[in-house]
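Written below as structure tokens is the structure these notes are about.
The values are calculated or read from the model by the stated rules, or taken from the named source; none is laboratory data. Keep in mind that what you see is a predicted model, and the values were worked out from it rather than measured. Cβ: placed from backbone, ideal geometry, glycine included. Neighbour counts: every protein chain shown. Accessible surface areas use protein heavy atoms only, side chains included; no ligands, DNA or RNA. Shrake-Rupley method; radii C 1.70, N 1.55, O 1.52, S 1.80 Å.
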Amino acid sequence: MARLVVAATTLTLARGLQQPHALRTLSRLRSAAKDALEQHTERVQTGAGPGAPSPERAAHNKRQQEVFDSAAEFFASPEASPPEVEATLDALAKRICEPSRPEAAFRVLDVGSGTGCLSRRYAAAAAGGADVTGVDLSPEMVKAARAKGGNPTYVVADVVDYAAGYEGDLYDAVVFNACFGNIFDRSAALRAAAKVLAPGGRALITHPLGAAFVDELHERDASVVPAGLPRTLLDMEELVSEAPLTPAFVEDAVPYFSEFVRD
Ligand SMILES: C[S@@+](CC[C@H](N)C(=O)[O-])C[C@H]1O[C@@H](n2cnc3c(N)ncnc32)[C@H](O)[C@@H]1O
């Protein structure tokens with residue numbers, strides 16, 4: 001409803017753009033929307049967002065945080081991204097941004113953004129630049145991502161909490177790169193993606209090293225990687241039985257790439 005009111009007001013204002021008071025009101029509306037988004041982000045980051053996590057999800061996320069806080073230095077180092085990985089990430093970012101258009105910034109939510117290795121690439125990969133939010137459970141990974149600079153905004157949160165009660169502008173793409181197997185409840189994460197995606201927007205699961213690599217991680221330590229990646233359209237269907245997402249495509253190769261479209 002609020003969105004409709006803002007849209008209608010914006011239209012009225014656009015008609016009277018020559019009037020200085022209309023410009024002032026437009027700028028106040030923009031600033032109110034920005035404030036609302038910042039307040040939402042603060043609520044999510046301080047755990048004051050809607051709905052407390054179950055004890056199981058909280059325990060799982062605590063372990064993720066510990067593991068990735070202590071691995072952040074490695075993930076931020078050149079060792080973690082040799083030239084072949086860099087090239088794969090460039091190609092992934094390009095492919096993710098294929099539907100972008102020159103007249104609008106492409107809006108991406110990068111889930112499990114880590115040190116921002118993919119988040120920073122969208123601005124150059126999208127035809128009209130990109131407006132990127134990275135969301136990650138690990139404060140140290142987010143700190144490393146912020147230290148690397150670039151335009152993305154980073155939030156420390158579980159994607160499920162980030163999406164609950166989200167009222168900001170909807171995203172064109174929600175990307176789970178090299179993190180989908182780490183997530184406590186993959187269906188809940190996809191429902192969260194659907195909540196923040198614009199109609200026709202895409203939820204994408206990608207992994208530069210492929211699904212077999214994720215299976216190995218799962219076998220090594222299921223407390224960190226509780227699941228693998230969906231290998232078929234049927235696997236994808238099962239994950240989104242309660243979400244308004246339609247499985248569109250899966251390429252079970254190296255790199256791995258799968259895509260759902262928001263109904
Ligand atoms: C293997 S790292 C990958 C980081 C980055 N995407 C990359 O490609 O380098 C997985 C990341 O997912 C994050 N993560 C796991 N579950 C998450 C969740 N429910 N919400 C947000 N981030 C999550 C972890 O904190 C970790 O930083």
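A few notes on this one:
- Cross-link reach list, aspartates and glutamates versus residue 148, counting only Cα pairs under 14 Å and skipping chain neighbours closer than eight places: 73, 140
- Segment residue 79-residue 98, length gained on full extension (0.36 nm per residue, minus Cα span): 3.9 nm
- Unit charges on C-beta of K, R, D, E only; dipole of the range 84-243, Debye: 460
- Positive-pole candidate from 111, 211, 240, dipole of the range 57-262, charges at beta carbon: 111
- Zone of residue 231's modelled label, taken as backbone nitrogen in the range 241-261 under 15 Å from a point 7 Å along Cα→Cβ: 250-254, 256-257
- FRET efficiency for the residue 124 to residue 67 pair, using the beta carbon distance and R₀ = 25 Å, is estimated at 0.25.
- Local electrostatic count, residue 72, Cβ distance below 12 Å [Lys/Arg +1, Asp/Glu -1]: -2
- Those residues of the range 53-97 whose amide nitrogen sits under 15 Å from the label point placed on residue 251, 7 Å along Cα→Cβ: 87-97
- Maximal additional length on extending the residue 217-residue 169 stretch stands at 13.8 nm, based on 0.36 nm per residue less the C-alpha distance.
- Distance between the pseudo-spin-label points of residue 238 and residue 261 (7 Å out from Cα toward the beta carbon): 2.5 nm.
- Accessible-area composition of the range 57-262, carbon plus sulfur, in percent [1.4 Å probe]: 53
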